[in-house]
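The values are calculated or read from the model by the stated rules, or taken from the named source; none is laboratory data. Everything numeric here is computed off the predicted structure, so don't read it as measured data. All Cβ positions, even for glycine, are placed from backbone atoms using ideal geometry, and neighbour counts span all protein chains on display.
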Amino acid sequence: MMLSYILMAILFVLIGTLIGSMLSMLPGLHVYNVIGFFLLFYFTMGLVIDPMLMVLMLIGMLVSYAFVFTISSIYFSAPDDSTMFILMPTQRYLKERKGHEAVVLIATGALVGVMAITIFVPIFMNVLGIVWDIAMPNIHWIIGAVIAYMLLSEFPKDFGRHKNALHGLKEAWKTILAGYLTFFLAGLLGVILYSKTIIPANHAFQSLMAPLIGLFATSSIILNLISKYEIPEQNIPKSVDAQPNDITHGAVAGSLGGLFAAFIPAVTAGVGGYMASHAFAQKGDKSFLVSMGASRVVYYVGAIALFFLPTLHLRRGALAMGINLFFTPETVGQFYLVDAGIALAGIVSFFIVLYLSKFLARVIPKINPKLLNIVVLGIIIVLVYIMTSWQGLIIMSVATAIGLVPVLFNSRRSHCLAVILVPIWLNMSGIALAPYLGLW
Amino acid sequence: MKCPSCGLEIPDDTVICPYCTAHVKKRVRIKTLYILALSLIIVSSVYATLAYTNSGVGVSKIANLSIDDNYRFVHVQGTVTGYPFAYETPYGVSQIGFTISDGTGQLTVKIYSNLVAQAVKEHKVPGLGDWVDVQGTFSYGTRKSLTVNDLYLLQIKHTGYSEENVNSIASATPWTFKNNEPVTLKGNITGVRQYSFGYIATIDNRVDLLIPKAYTALNMLNLRELGSGVVQFYGALLFYQPVKPSSDYTTVNLSEVMKAPESYNRTNVHIPWADVLAKNDTAGTLLIRANETNITVYAKDVRRYRVGDHVEIQGKFVNYHGEWEISVLRKTDFITTPSWEVVAHPSFKVIEKKSYVNETPERLNSLVRISGVVADFRPLSSGYLITLWSNNSSYSVYVENVMSVSGALNSGEKIVVKGMVTEYNGALEIKVRAYTDDSVEVIA
């Protein structure tokens, strides 16, 4: 590989990182939506860009998204499927004037996640190959187990004192049933969308954007709009309330959770990190935020590292699948280049996210929160309309209604992930529900 | 003092902030995290160095690639043996390819989709005789092939070109050059013919330049530009034999044959190279000279051969009325005029740009524009012949590009001819070359 090529590779990673950072600030906009457009342009315009350089630019975008979208999730309350778990703790941090500290903890987790990908994944390359060979024929069982875990982990619920036994029983089951209702409705929505979406064919590659935004982002914003929501003045600390143990514990749990999610279809970073945090018996928000940062990065970026891993070439995640349309990873040199790009994009993204957070921590409290939420909602609606047409807005509205169920009944929002889990699990199990729903 | 997390005022010696529950003492400095972040520079640098120094996979011999290597990433090296091909679609060229040989076997290298445009831009479309180092995905089938996924994994080396001229190539024997030998020569395009595999352009009426279709499809070689003046061409030599000799015929040295002709009587002989010394159209004979020995060749029709031509002969060595001669009468017998031709490389230099000038056709290879009246119009098998009356003189115009004349021209029609002054049978004529800017325009 020539030196000039390596320098071009670095340049493309930096370009991708900057583009990804700017776009990730837009609430509701997932990097995969943008990458989809980039790929469309790449294919149709016949752009004369070396495919590997294009890959590195997309990786730069992905890494920066994994870091910077935290900002949008925390300051604009517009999470996605993997940041919804951090919404509650980060809201607490915001109210305690520690929004920036939350960002630093998540970014630290993300940083350790990048290290895990670039240092440990290659070391355990052969082990991962063996694990994949074992897991591959049983993926549907594993997804089924994840679903069972999500449903069963609702128990037990303790609502403390109650008027009488009947009232206690009703209160306990109310949230559980609301959670199951959410799971059922989100799952049904997923089956419908995967089988016969109403989104026009020319927008079909963005078909998941509308339901995910509806389930996680718009429902949160609507909650903010109807509740008393204020952001106090934020402090910019020089240190964070955590000890090396907290960071290590969170990072290890998050990285393993993210790796699990990167391996198993339908399991996203949030679920992977959440399960890992249970598995590692995490206590406290600090460690959880670190683990979520790590999990998110390992999930998104790890998937692409696994794609280039010489013994594995695992196609997981929309980026790996998109790249595979025009590029086949072949050499160890490409893998080294990808890992160099991931590490470089990780460093740049880390500093970008910290400086953006500092800026927003100073600015956001000065803005009327209602106005902020309305503006964010407006941006999301416009984006969904542009990306998925008016049919996407209908799907988003339905998804928002489903996303409000756990918000209003205080049950787990993670059940909304059934929109991805259920159709993929059914598909991998060979079960076709669509004909019974008149979707064929 | 102030809580380092929330910034609110808290009593001195407080361990846990009463407002935000943050630990005041046991904390990690953000600057320490910066060091953690910057340590990734080392990781990035190590990987970049590994990518830089990584030599990839070892070189495989083409003969050793088997079905077990199907879809595997392989590395091969070899010389381009055929000329490149291109698959054209209504949307452009979707695939290009070329064949390489490493001495053990042959393999077709394929480049698809977006990489095609990039390959053109980066001059990574090879020519015949180029040395190629390529890595890609191997496919085992009736023909072994390799798909290039990254152009940086395709390296092409153009070996040194020897400077030749049209005369040295036109008069060269089969033993003067070797196939695939790289050469460069200067000249004018004096004619263009189209074939399924591409175009054959004649340089200075002497040497054929084979332009593979791939180069014109990819717009790497533009015939209009090539026909616009004196051009330095690059390519590889290929000995063209119109008919391949049969193994049923023995290649002989004519001087050895004539030492003991009886032993060769009624045998099938092949003479790879001979000069035509004389011909007799009525008798149907050619007098040829090969290996310093003369012999008569009898054939049905010898009108197309000219004295001075180089011919290749396959026929029966016979004694006819006491004279030894070669009889070329059977289906498998032949007399052909083999020649060295140049397979174009996708690079050229226009040395002298010419423009059409309003003058009478007097300077050979000049581009002229001449207007006049059609005195005579004759369709030929390969074009049209026009006799043009202009400035009280008549000129012969040969239209190679039949598309440039829509239907027959009538005597008396006024036309403007743009073409090149060439020589035919010792006389100058204007040639309207195909696929160039030459044209015939009816103005009244």
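With respect to B:Ser45, is the statement that it is within 27 Å of A:Val332 (Cβ to Cβ) and at the interface with chain A (Cβ under 8 Å from one of its Cβ atoms) true?
yes
Which of the residues spanning segment A:30-44 are within 13 Å of A:Ile19 (Cα to Cα) and within 14 Å of chain B (Cβ to nearest Cβ)?
A:Phe38
If a residue has to be more than 24 Å from the chain's Cα centre (by Cα), of a type outside the set (Gly, Ala, Ser) and in a strand (DSSP E or B) to count, how many in segment B:432-444 make the cut?
Selection size over segment B:432-444: 3.
Assess whether A:Phe351 counts as being away from every other protein chain (no Cβ under 14 Å), among the aromatic types (Phe, Trp, Tyr), surrounded by fewer than 17 Cβ atoms within 10 Å (Cβ to Cβ) and assigned to a helix (DSSP H, G or I).
no
Restricted to segment A:292-340, and to residues that are over 17 Å from A:Gly273 (Cβ atoms) and charged (D, E, K, R), which residue is surrounded by the most Cβ atoms within 10 Å (Cβ to Cβ)?
For segment A:292-340, the residue satisfying everything is A:Asp339.
Just checking: which of the strands (runs of 3 or more DSSP E) contained wholly in segment B:305-369 hold 1 or more residues that are within 29 Å of the chain's Cα centre (by Cα)?
B:310-320, B:334-336, B:339-353
Within segment A:368-378, which residues are in contact (Cβ under 8 Å) with a residue 40 or more places away in the chain and either over 12 Å from A:Phe76 (Cβ atoms) or surrounded by fewer than 16 Cβ atoms within 10 Å (Cβ to Cβ) (or both)?
Those that are in contact (Cβ under 8 Å) with a residue 40 or more places away in the chain and either over 12 Å from A:Phe76 (Cβ atoms) or surrounded by fewer than 16 Cβ atoms within 10 Å (Cβ to Cβ) (or both): A:Lys370, A:Ile374.
Step by step: first the residues of segment B:105-125, then only those that are part of a helix (DSSP H, G or I) and within 19 Å of the chain's Cα centre (by Cα), then the one that is surrounded by the fewest Cβ atoms within 10 Å (Cβ to Cβ). Which residue is that?
B:Lys121
Please state which one of B:Leu33, B:Leu40 is in a helix (DSSP H, G or I) and either farther than 25 Å from A:Gly284 by Cβ or more than 12 Å from every other protein chain (Cβ to nearest Cβ) (or both).
So the residue among B:Leu33, B:Leu40 that is in a helix (DSSP H, G or I) and either farther than 25 Å from A:Gly284 by Cβ or more than 12 Å from every other protein chain (Cβ to nearest Cβ) (or both) is B:Leu40.
Matching residues to (1) out of contact with any helix residue (DSSP H, G or I) (no Cβ under 7 Å at 6 or more places or on another chain); (2) modelled with pLDDT of 90 or more; (3) of a type in the set (A, V, I, L, M, F, W, C):
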site	(1), (2), (3)
B:Lys31	yes, yes, no
B:Tyr34	yes, yes, no
B:Ile41	no, yes, yes
B:Tyr47	no, yes, no
B:Ala51	no, no, yes
B:Ser55	yes, no, no
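Scanning for something surrounded by 21 or more Cβ atoms within 10 Å (Cβ to Cβ), in contact with a helix residue (DSSP H, G or I) (Cβ under 9 Å, 6 or more places away or on another chain) and at pLDDT 95 or above, does segment B:305-314 turn up at least one residue?
No, segment B:305-314 contains no residue that is surrounded by 21 or more Cβ atoms within 10 Å (Cβ to Cβ), in contact with a helix residue (DSSP H, G or I) (Cβ under 9 Å, 6 or more places away or on another chain) and at pLDDT 95 or above.
When you scan segment A:8-122 for helices (runs of 4 or more DSSP H) that lie fully inside it, which ones turn up with 3 or more residues that are surrounded by fewer than 24 Cβ atoms within 10 Å (Cβ to Cβ)?
Once the helices (runs of 4 or more DSSP H) in segment A:8-122 are filtered for at least 3 residues that are surrounded by fewer than 24 Cβ atoms within 10 Å (Cβ to Cβ), what remains is A:31-44, A:51-75, A:87-95.
Tell me the residue from B:Gly82, B:Gly141, B:Gly129 that is on the phi > 0 side of the Ramachandran plot, in a loop (DSSP other than H, G, I, E, B) and not acidic (Asp, Glu), please.
Sole residue among the options that is on the phi > 0 side of the Ramachandran plot, in a loop (DSSP other than H, G, I, E, B) and not acidic (Asp, Glu): B:Gly129.
Can you name every residue in segment B:361-406 that is farther than 19 Å from B:Thr190 by Cβ, β-branched (Val, Ile, Thr) and surrounded by fewer than 19 Cβ atoms within 10 Å (Cβ to Cβ)?
Within segment B:361-406, B:Val373, B:Thr387 qualify.
Out of B:Leu115, B:Leu107, which single residue is touching a helix residue (DSSP H, G or I) at 6+ places or on another chain (Cβ under 7 Å), hydrophobic (A, V, I, L, M, F, W, C) and at the interface with another protein chain (Cβ under 9 Å from one of its Cβ atoms)?
B:Leu115
Does B:Thr422 satisfy the condition of being buried (at least 17 other Cβ atoms within 10 Å of the Cβ), under 26 Å from B:Gln194 (Cα atoms) and of a type in the set (Ser, Thr, Tyr)?
It is true that B:Thr422 is buried (at least 17 other Cβ atoms within 10 Å of the Cβ), under 26 Å from B:Gln194 (Cα atoms) and of a type in the set (Ser, Thr, Tyr).
Yes or no: segment B:57-70 includes at least one residue that is within 11 Å of chain A (Cβ to nearest Cβ) and within 30 Å of B:Asn219 (Cβ to Cβ).
Scanning segment B:57-70 turns up no residue that is within 11 Å of chain A (Cβ to nearest Cβ) and within 30 Å of B:Asn219 (Cβ to Cβ).
Filter segment A:321-337 for residues that are of a type in the set (A, V, I, L, M, F, W, C) and within 8 Å of chain B (Cβ to nearest Cβ) and give the result.
Within segment A:321-337, A:Phe326, A:Phe327, A:Val332, A:Leu337 meet the criteria.
List the strands (runs of 3 or more DSSP E) inside segment B:148-238, counting only whole elements, that have at least 3 residues being away from every other protein chain (no Cβ under 14 Å) and among the aliphatic types (A, V, I, L, M).
B:198-203, B:207-212
Which is more than 13 Å from chain B (Cβ to nearest Cβ) and farther than 17 Å from A:Gly317 by Cα, of A:Ala66, A:Ala9, A:Ala78?
Answer to the check: A:Ala78.
When both residues are 6+ apart or on different chains and their Cβ atoms are under 9 Å apart, which pairs have a first residue that lies in segment B:1-21 and is more than 10 Å from every other protein chain (Cβ to nearest Cβ), and a second that is surrounded by 10 or more Cβ atoms within 10 Å (Cβ to Cβ) and assigned to a strand (DSSP E or B)?
As it stands, the answer is B:Glu9/B:Lys2; B:Ile10/B:Lys2; B:Val15/B:His23, since those pairs meet every condition given.
Select from segment A:17-65 the residues that are modelled with pLDDT under 90, of a type in the set (Gly, Ala, Ser) and within 25 Å of A:Thr108 (Cα to Cα) and list them in ascending order.
Those that are modelled with pLDDT under 90, of a type in the set (Gly, Ala, Ser) and within 25 Å of A:Thr108 (Cα to Cα): A:Ser24, A:Gly28.
Identify, from the list A:Val271, A:Val290, the residue that is of a type in the set (A, V, I, L, M), closer than 30 Å to A:Ala145 by Cα and at pLDDT below 90.
After ruling out the rest, the residue left standing is A:Val271.
Go through segment B:91-104 and report how many residues are out of contact with any Lys or Arg (no Cβ under 8 Å at 6 or more places or on another chain), more than 14 Å from every other protein chain (Cβ to nearest Cβ) and loosely packed, with under 15 Cβ neighbours inside 10 Å.
Counting residues in segment B:91-104 that are out of contact with any Lys or Arg (no Cβ under 8 Å at 6 or more places or on another chain), more than 14 Å from every other protein chain (Cβ to nearest Cβ) and loosely packed, with under 15 Cβ neighbours inside 10 Å gives 1.
What is the residue count in segment A:121-150 for residues that are within 22 Å of the chain's Cα centre (by Cα) and among the hydrophobic types (A, V, I, L, M, F, W, C)?
Final tally of qualifying residues: 9.
Between A:Val63, A:Val68, A:Val112, A:Val104, which is within 15 Å of A:Ser349 (Cβ to Cβ), hydrophobic (A, V, I, L, M, F, W, C) and in contact with a strand residue (DSSP E or B) (Cβ under 7 Å, 6 or more places away or on another chain)?
A:Val104
Can you name every residue in segment B:135-147 that is within 12 Å of another protein chain (Cβ to nearest Cβ) and not hydroxyl-bearing (Ser, Thr, Tyr)?
Result: B:Gln135, B:Gly136, B:Phe138, B:Leu146.
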